[in-house]
Amino acid sequence: MKNWAGNLEYSSAEVHRPASVAELQELVANATKIKALGSRHSFNTVADTDGTHILLDALPQEVLLDTAKGTVKVSGGISFGALGRALEDQGYAIHNLASLPHISVAGAIQTGTHGSGVNNPSLAAAVVGVDLVRASGELVTLTADDDEFLASVVGVGALGIVTGLELAVRPSYEVRQRVLTGLSWEGALANFHTIASSAYSVSFFTNYTGDTIPQVWFKALDSEAPLPDLFGATAATTAMHPLPDMSAENCTEQLDVAGKWLDRLPHFRHEFTPSNGEELQSEFLLPLDQAPAALQAVRALAGKLAPLLFISEIRTIAADEFWLSPFHQQQSVALHFTWKPLQSDVEAVLPELEEALRPFGARPHWGKLFTPGQYDFAALYPRFEDFRALVQANDPTGKFRNSLLDSVLGISAAAHA
């Protein structure tokens, strides 16, 4: 098996598709090494194993809305697109969505995938309950009242296999989307917070060359004031794709036409596959107030980065309390890099990019390409040592770990051999 991008061939010796949670529990209890795979939209080995891979798509797919509680119980393997359709059919929504609605709910939340908005926290912030199978095979349900809840929601697959999640919902809402072109870098850097705060969700698309940012996507609640032209940028008169010279056919509708939240918050339509997957991705999350200086540092590397880039997206995310969330107690800016499928070239330039972002406290996205040795994770995450201890207590033999997680956690493979 390979991942979505095709840059990684998984190392598992066998693959199982359990048809029930009880069957999954038995598989986990009897395994030496085991990991779950969702939509495989990861670009590194965070979900790899040389033991058994579990695919969750054969488990019962449930979307159980509880209007009295204001929550929905969902199966971990369901996609955000499928969840969105099921909720919208009943007049409900969730607060945020990622750029791609095709990714699985459990996998996205476990790795800290987000969405956008200065006041919008990541996808994990909707979680009020999580069901997971521990290394022993025990099925547990954790809520905010449990000590391990804040460690387990964004758990990078190290604390168990997620079989279900309970998410907070809200009444359905409408969003309209507008694209501005030609925003000057001078205006963007001098007014970054103002621009990023001017709509419910804002994304900047650039390759860091030139004097202007080619596209800025604004997703505004239909109740918000009309979006102005900002700092010399002008409204696009035709639908745009984030990549230059690409058809906008697969993108969500723009030009200020209001539509349901699930048809505007993602960049790409659920009914289309946005690309063939032949790309690589990295992403770095840092404090929002560091955005102008960090962007200047990245622009200084534009000559090296641009030839390797399809595009880079800049977004914002509100803070949360999850121990290993990239947004832990930190209102953040996300610098996302969509690379051409040139892995050796990308891996060669990554350490220089990461070194340039180090002074700003950048945290890497857990499911994308980064260089573990570039980071002092204990310094970046205040609860990191607590998380590490919890992993060792719940999975002393390293059943859910692999070389990447051992490297991040600072655990020797010999410690659980």
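Nothing in this text is a laboratory measurement; each read-out follows from the coordinates by a stated rule. As the structure is a computational prediction, the values presented were derived from the model and not from experiment. Every residue, glycine as well, gets a Cβ built from its backbone with ideal geometry; the counts of neighbours run over all protein chains shown.
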In the chain, if the dipole is taken from +1 on Lys/Arg beta carbons and -1 on Asp/Glu beta carbons about the Cα centre, which of L357, G81, L37 is farthest to the positive end? L357
Check: the chain dipole with +1 on Lys, Arg Cβ and -1 on Asp, Glu Cβ, in debye: 220
With +1 on the Cβ of every Lys and Arg and -1 on the Cβ of every Asp and Glu, the dipole magnitude of region 259-323 about its Cα centre, in debye rounded to the nearest 20, is 260
Cβ-based net charge around F377, under 14 Å, with every Lys or Arg adding one and every Asp or Glu removing one: -1
Taking the alpha-carbon distance from K304 and a cut-off under 17 Å, which lysines remain once sequence neighbours fewer than 8 residues away in the same chain are dropped? K340
Per 0.36 nm of contour for each residue apart, how much would the distance between T238 and A144 grow if the chain were fully extended, relative to their Cα-Cα spacing? 29.3 nm
Cleavage-rule hits, GluC sites (Glu not before Pro), region 172-227, DSSP coil, Cβ neighbours within 10 Å at most 14: E224
Give, as a single signed number, the net charge of other residues whose beta carbon lies under 13 Å from the beta carbon of A188, with Lys and Arg counted +1 and Asp and Glu -1. -1
Given a Förster distance of 25 angstrom, what is the FRET efficiency for Q343 paired with S172, based on the Cβ-Cβ distance and rounded to 0.05? 0.05
For region 243-299, which GluC sites (Glu not before Pro) are in a loop by DSSP, counting at most 14 other Cβ atoms within 10 Å? E249, E271, E278
In the neighborhood of E166, defined by Cβ-to-Cβ distances under 12 Å, what is the net charge if each Lys or Arg adds +1 and each Asp or Glu adds -1? -1
Give the cross-link partners of K399 among the lysines, using a straight C-alpha distance below 30 Å as the criterion and excluding same-chain residues fewer than 8 apart. K2, K33, K35, K73, K368
Proximal lysines relative to K219, as straight alpha-carbon distance under 18 Å, when same-chain residues fewer than 8 apart are discounted: K260
Counting other Cβ atoms within 10 Å of each Cβ, which chymotrypsin sites (Phe, Trp or Tyr not before Pro) in region 264-356 have at most 13 and sit in a DSSP loop? F272
